[in-house]
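Have a look at the structure below, then the notes.
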Amino acid sequence: MILVGLALAQDYRFPVADDDISSMYPTAYKDHSGVDWACGSIRYSGHNGSDFGGGGFDGMEEGRTIVAAAPGTVLYTNDGEFDECTTGDCDGGGGFGNYVVIEHPDGKVTYYAHLKQWSVAVGAGDSVACGTVLGEMGSSGYSTGPHLHFEVRVDSVAHDPFYGDCSSPPSYWVSQGSHGSVPGGVCEDVPECSPTSRLTCGDTWSGSNASGDAEHMAYGCEDWTYTGKELAFEVVTGLSEDVTVRMTGLSADLDLYVLEDAACDGSGCLGSSSESDASDESVAWSASADHVYVAVVDGWEDAQSDFTLSVECVGEVEQPGDSDPPGDSDPERDTADDGRDPKNLMPGERTPLGGCGCSSGAIGASWILALLWVRRRR
Ligand SMILES: [Zn+2]
């Protein structure tokens, strides 16, 4: 990896929860030297953000939930500040009171300010999706009444997300709406990876990325733009355990990403491996039982190559109900003592592969169970 590509810009939903949108209205847009974005007067001098009211203190008490406008990573939060400010000059958060700051994969940063005391629901470093709850509307910091101050910054310079005769394009909203009303609450369409197959512990898959598509080129961990073809795989384990996905046998520069789910929108990246040249790549993470993760193989600068993908699991998680004494290493006695029907596995135990119509019968299933028992005790 040498060049850093640009992730696609992401448009914003109105950053208030669906049920509360109809209670909201703009009270001050960004100031453009005396006018707002539509050359109107809903602004005040020097205002850098967009303010949205929601029914004053009654509305605040009823609850107006603030959500992320687009996927990203939480950069900062502040909470604990007094939230019934009416004077416009209450202490805390440098004037923003209780607030959340999110950095998006396209490099833009969004601010959600003046939140209710102790309502901040995320922490620095958290990945958020479009619509993730951030907190509640309040009146903390430099505020004269409950409202949301929403601000967009690019390289620390405030940008107006609204586009009109007195503000330059583009609009940053999915659906901007008319002057004096609030934007739409629909998130930008999230492209989904299309997994070609599902892999679990011990599985391998061999082939080439030449058969993949090149549609989704930027992922959350590193925001690089891939012009080569990509292939995605679902990865599922029956246990909560440490999992490693390994990619070997390369003749060109393919990289590997693991995502929390199939949303290819720059959020939910659990890990990536992006060595240059045709080196092996691997990504390890702590998997939750039965959660469907997505591993993506992608070609750097049109790279195409055969590769083998393998899924390795540690399988060291002790399960509730495992009452065998420490040091007992006799798997046969364990299964015999236990006397459990292999079709009725305890919660958290790995299910026999394939979900089991069990044509191989109880003997086969017992063998699988015995093997799992050995593995768990290593
Ligand atoms: Zn404001």
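The values are calculated or read from the model by the stated rules, or taken from the named source; none is laboratory data. Predicted model only: the values in this text are computed from it and were never measured. Cβ atoms come from the backbone with ideal geometry, glycine included; neighbour counts cover every protein chain shown.
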Inset, instruction - Give the range 183-212 a look and list any residue that's out of contact with any strand residue (DSSP E or B) (no Cβ under 6 Å at 6 or more places or on another chain) and not hydroxyl-bearing (S, T, Y), or say none. - result: G184, G185, V186, C187, E188, D189, P191, E192, G202, G207, A210
Inset, instruction - Return yes or no: is A17 at pLDDT 95 or above, surrounded by 15 or more Cβ atoms within 10 Å (Cβ to Cβ), of a type in the set (A, V, I, L, M) and in contact with an Asp or Glu (Cβ under 8 Å, 6 or more places away or on another chain)? - result: no
Inset, instruction - Could you grab me the full set of residues in the range 101-116 that are within 15 Å of the ligand (Cβ to nearest atom) and in contact with an Asp or Glu (Cβ under 9 Å, 6 or more places away or on another chain)? - result: T110, Y111, Y112, A113, H114, L115
Inset, instruction - Within the range 126-151, work out how many residues are in contact with a Lys or Arg (Cβ under 7 Å, 6 or more places away or on another chain), under 17 Å from F57 (Cβ atoms) and not charged (D, E, K, R). - result: 3
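So if I check each of S119, S156, which one is within 14 Å of N48 (Cα to Cα), away from the ligand (no atom under 16 Å from the Cβ) and more than 16 Å from the chain's Cα centre (by Cα)?
Working: S119 fails: within 14 Å of N48 (Cα to Cα).
Of S119, S156, the one residue that is within 14 Å of N48 (Cα to Cα), away from the ligand (no atom under 16 Å from the Cβ) and more than 16 Å from the chain's Cα centre (by Cα) is S156.
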Inset, instruction - Specify which of the listed residues (A284, A262, A289, A252) is more than 21 Å from S197 (Cβ to Cβ) and either surrounded by fewer than 20 Cβ atoms within 10 Å (Cβ to Cβ) or out of contact with any strand residue (DSSP E or B) (no Cβ under 9 Å at 6 or more places or on another chain) (or both). - result: A252
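Could you identify the single residue in S45, S33 that is surrounded by fewer than 18 Cβ atoms within 10 Å (Cβ to Cβ), modelled with pLDDT of 95 or more and closer than 27 Å to E136 by Cα?
On the way: S33 fails: closer than 27 Å to E136 by Cα.
Exactly one residue qualifies, and that residue is S45.
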Legend entry - Members of the range 30-82 found to be within 16 Å of the ligand (Cβ to nearest atom) and without any contact (Cβ under 8 Å) to a residue 40 or more places away in the chain, listed by number: D31, S41, R43, Y44, S45, G46, H47
Legend entry - Any hit, the range 173-182, residues being within 16 Å of the ligand (Cβ to nearest atom), surrounded by 12 or more Cβ atoms within 10 Å (Cβ to Cβ) and closer than 19 Å to Y111 by Cβ: yes
Inset, instruction - Kindly indicate which of L148, L134 is within 13 Å of the ligand (Cβ to nearest atom) and buried (at least 19 other Cβ atoms within 10 Å of the Cβ). - result: L148
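If you take the residues in the range 265-275 that are modelled with pLDDT under 85 and surrounded by fewer than 22 Cβ atoms within 10 Å (Cβ to Cβ), which one is nearest to S208 (Cα to Cα)?
First pass over the range 265-275, keeping only residues modelled with pLDDT under 85: 265-269.
Among the residues that remain, those that are also surrounded by fewer than 22 Cβ atoms within 10 Å (Cβ to Cβ) are: 268-269.
Details: G268: 25, C269: 23 Å.
Only one residue tops the list, namely C269.
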